[in-house]
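Structure, as structure tokens:
The values are calculated or read from the model by the stated rules, or taken from the named source; none is laboratory data. Given the structure is predicted, the values throughout are model-derived calculations rather than measurements. Counting neighbours? That spans all protein chains shown, and the Cβs are built from the backbone with ideal geometry, glycine included. Accessible surface areas use protein heavy atoms only, side chains included; no ligands, DNA or RNA. Shrake-Rupley method; radii C 1.70, N 1.55, O 1.52, S 1.80 Å.
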Amino acid sequence: MVKQLRYGVVGAGLDSFIGNVHRIAAEFDKTCVLVAGAFSTNPEKNKACKEFYELDDERVYDSYEDMAIKEGAREDGIDFVTIAAPNRVHYSVAKVFLENGIHVFCEKPLCFEEYEAEELKKIAAEKGLLFGVNYSYSGNVMVKEARERILSGEIGEVINVNAEYLQEWLIDDVEAGEDTMNKLSVWRKDPKVAGISNCVGDIGTHIEHTVSYMTGLTVKRVAAKLDYFNQPLDLNANILVEFDNGAHGVFCSSQVCVGHMNGLVVRIFGTKGAIEWQQENPNVLYVTKKGQPTQVCHRGMAYMSEYAAELNRLPSGHPEGLYVAFANMYKVWAKALLKKKNGEKLTEKDYDFPTVDAGVHGVKFTHACVESSNQDAAWVTI
């Protein structure tokens, strides 16, 4: 019986923030071991990664194409690849690994274009491969607790959603000209590198996925207004949404809201109550029943649902954060992949990670928002 997975990484050089989080999270529970990588197109940086991770020379590759082909042909080849490379290559990297029979766990966004997303989904299905997309906030224990409570009917039928993801880090770009880009924002505002959208594509899709995960609902239509402030891509977005149950809501994503660091907040309103979760205070869930005072529910307590408790790692009062949310994603992903490799049948609960379907919907959501904004906030069906 297989008990440990071999994995490789594309991207994630030693100076990569998100790549480093992926690596730590993947190895958090000792079910995944790093054995290969194409870390950088810079030979010196690639060599530095080989030495730092103490990998065999033959398993550190100059290109991801070479890595996919050779790892796919090895008897001891990688079981899956983590894609933590720049957004613009997600599609091409994912495609070549899928074509070589390797499972894929990809940082969001899945890709830029809708046809690319559908193609990746099709290849994964035809090859019988698992495909995860890292919408990481659904890895938080209290987001899972919210989902369990909402789907069990605790707050009744969902009738309204109010969610926001507010940051301030691009505020200086509002008054800057199009040719003036600070070193943090330069790639995010370049359509060749970031795709059709900056703000919605980067953080707006996190709202969409977190809300959909918590409620079990799907956004069907959007009416969006994106603000560009004389920049190539959007820095701010206000979005009306309609869900498949007929409910409506408001999403606000912004990188120009002074005083906000990483403020993802989701408020779900039902016929019997409401639930609120704040990313910057992730260990707490606010639950309000109709006619009753608000309950402050803490992660790690005995009243948590059984499934959320399974992913709880620390006693209450000891904060869990981003690394643990990522690690929970990999824990569920690795469990599913190990079951698949061992010939066991996967259950619905085994797929409790954002699948390629979530990635496809994220791409379509982004395109719909841009299309709506270009039509003066007209309703656009996803």
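Annotation: amide H-H contacts under 5 Å for Lys108 (H modelled 1.01 Å from N, sequence separation of 5 or more, or interchain): Asn134.
Give, to the nearest whole percent, the P(r) tail of region 184-230 beyond 12 angstrom, counting all Cα pairs.
Result for the distance tail: 70 percent.
If you bin every alpha carbon distance in region 63-151 into 5 Å steps from zero, what whole percent lands in each bin? Once binned at 5 Å, the Cα pair distances of region 63-151 give 3, 14, 22, 21, 15, 11, 9, 4, 2, 0.
Heavy-atom accessible area for Lys70, with the other protein chains in place and a 1.4 Å probe, reaches approximately 100 Å². Ser254 sits among other residues whose Cβ lies under 10 Å from its own Cβ, and their net charge, with Lys and Arg +1 and Asp and Glu -1, is -4.
Counting only heavy atoms of the protein chains and using a 1.4 Å probe, Arg221 has close to 70 Å² of accessible surface.
Beyond 29 Å in Cα-Cα separation lie the following of the pairs Lys122/Lys349; Lys95/Lys335; Lys70/Lys144: Lys70/Lys144. Using the Cβ-Cβ distance between Asn342 and Lys127 with R0 set to 22 Å, the FRET efficiency from 1/(1 + (r/R0)^6) comes to roughly 0.75. If both residues of a DSSP beta bridge must be in the chain, then about 60% of such bridges are antiparallel.
How much length is gained if the chain between Glu154 and Trp169 is pulled fully straight, taking 0.36 nm per residue apart and subtracting their Cα-Cα distance, in nm to one decimal?
Between Glu154 and Trp169, full extension yields 1.7 nm more.
With R₀ fixed at 25 Å, the C-beta to C-beta distance from Lys192 to Asp76 puts the FRET efficiency at about 0.10. Here the chain is assigned +1 on the Cβ of each Lys and Arg and -1 on the Cβ of each Asp and Glu. Its dipole about the Cα centre then comes out at about 1160 debye. Considering only Asn100, Asn140, Asn342, the mean-square fluctuation computed in a Gaussian network model of the chain, springs between alpha carbons under 10 angstrom, is largest for Asn342.
Along the axis of the charge dipole computed for region 1-45 (Cβ charges of +1 for Lys and Arg, -1 for Asp and Glu, origin at the Cα centre), the listed residues Phe39, Ser16, Gln4 are led at the positive end by Gln4. Shown are Cys252, Cys199, whose ranking by accessible area with a 1.4 Å probe and every protein chain present, most to least, is Cys252, Cys199. Modelled this way, with points 7 Å down the Cα-to-C-beta line, the labels at Thr218 and Asn162 are 2.8 nm from one another. Phe326 exposes around 0 Å² of accessible area when a 1.4 Å probe is run over every protein chain in place.
Computed from point charges on the beta carbon alone (+1 for Lys and Arg, -1 for Asp and Glu), the dipole magnitude for region 1-154 about its Cα centre is near 360 Debye. Think of the chain as having a plus end and a minus end, set by charges on the Cβ of Lys, Arg, Asp and Glu; of Pro86, Leu311, Asn100, Leu311 sits farthest toward the positive end of this dipole. Here each label is just a point 7 Å from Cα along the line to Cβ, and for Glu58 and Ser92 those points are 2.8 nm apart.
When only Cα pairs below 8 angstrom with a gap of at least 6 residues are kept, the chain shows a relative contact order of 20 percent. Taking the alpha carbon gyration tensor of the chain, multiplying each eigenvalue by 5 and rooting it gives semi-axes of 32, 27, 19 Å, largest first.
Using a Gaussian network for the chain with springs between C-alpha atoms less than 10 Å apart, which of these wobbles most: Ala36, Ala73, Ala85? Taking springs between Cα atoms under 10 Å, the residue moving most is Ala73.
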